[in-house]
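Read the structure below first, then the notes.
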Amino acid sequence: MPSPVTDLALGPDWLEPEWLISTFGLIGILVIVFAESGLLIGFFLPGDSLLFTTGLLVADGQYLKYPLWLVCLLITVAAIAGDQVGYLFGRKVGPALFRRPNSRLFKQENLLKAHDFFEKYGARSIVLARFVPIVRTFTPIVAGVSRMNYRTFVIYNVVGGILWGTGVTVLGYFLGQIPFVKANIEFILIGIVGISVLPIAVELLRAWLAARRGTTPQEQAAAEEAIRETRQHYGKH
């Protein structure tokens, strides 16, 4: 049976979703989802594209000969468990994590991005971070460091795990059965990767613009908020 995913390279061969799935199967998918959801070393692994490709291959019956409901259930459990481990790790290590030196697999800037994301969106960040690469790996850890209420974390973690783990996989399953999508899957995957990294690109652009203006991203965000509040104030009169 011909592969529904072409050989267009989206990165190293060992990070291409189809190669990972064809080599390691469902167990490999679960390990990657778990690692990317809460282990410090999992930030570079494919997430959204992996889940989308998983759904597509389940629909196609290649490599993954399991019912969709079972695949979604296991992926969701792996995603929730990964975040739980990340939270408990952050809670145990505490603020000392922010003093950890950089290494090949750990960058302070990634942790700080997740911290800013958590500060900006609060509890909602646990759900929203699921759809942002790198940030989704570090956000549960930051939540643990910040000692976020555990019950609140669990609730948002379960919701986020379902929306991401099941949602993206189901999307790949149904869209993968559309002839146009199937015929252009390589470009669809590029689009998914592009959309995934868009929030990071926006933040980098904001930081660059802020540096050009001599202000920090936080100061720039505060200025933008002040402008919005002023417009709302005068818009009522």
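The values are calculated or read from the model by the stated rules, or taken from the named source; none is laboratory data. Since the structure is predicted, the reported quantities are computational estimates derived from the model, not experimental observations. All Cβ positions, even for glycine, are placed from backbone atoms using ideal geometry, and neighbour counts span all protein chains on display. Remember, those area values only see protein heavy atoms, side chains included, never the ligands or the DNA or RNA. Shrake-Rupley method; radii C 1.70, N 1.55, O 1.52, S 1.80 Å.
What is the one condition in (1) of a type in the set (A, V, I, L, M); (2) part of a helix (DSSP H, G or I); (3) modelled with pLDDT of 85 or more; (4) buried (at least 19 other Cβ atoms within 10 Å of the Cβ) that V77 does not satisfy? So V77 meets the others, but not (4).
Only one of T137, T152, T166 is open to solvent by 10 Å² or more (accessible area, probe 1.4 Å), part of a helix (DSSP H, G or I) and in contact (Cβ under 8 Å) with a residue 60 or more places away in the chain. Can you tell me which? None of the others qualify; the one that does is T166. Taking I190, is it at pLDDT below 70 and either in a helix (DSSP H, G or I) or not charged (D, E, K, R) (or both)? So I190 fits the description; yes. For residues that are open to solvent by less than 10 Å² (accessible area, probe 1.4 Å) and hydrophobic (A, V, I, L, M, F, W, C), scanning just the range 113-131, find the one that is nearest to G94 (Cα to Cα). Top of the filtered list is A114.
Can you name the residue in the range 40-66 that is at pLDDT below 80 and part of a loop (DSSP other than H, G, I, E, B) and is also surrounded by the most Cβ atoms within 10 Å (Cβ to Cβ) among such residues? Here the residue is G47.
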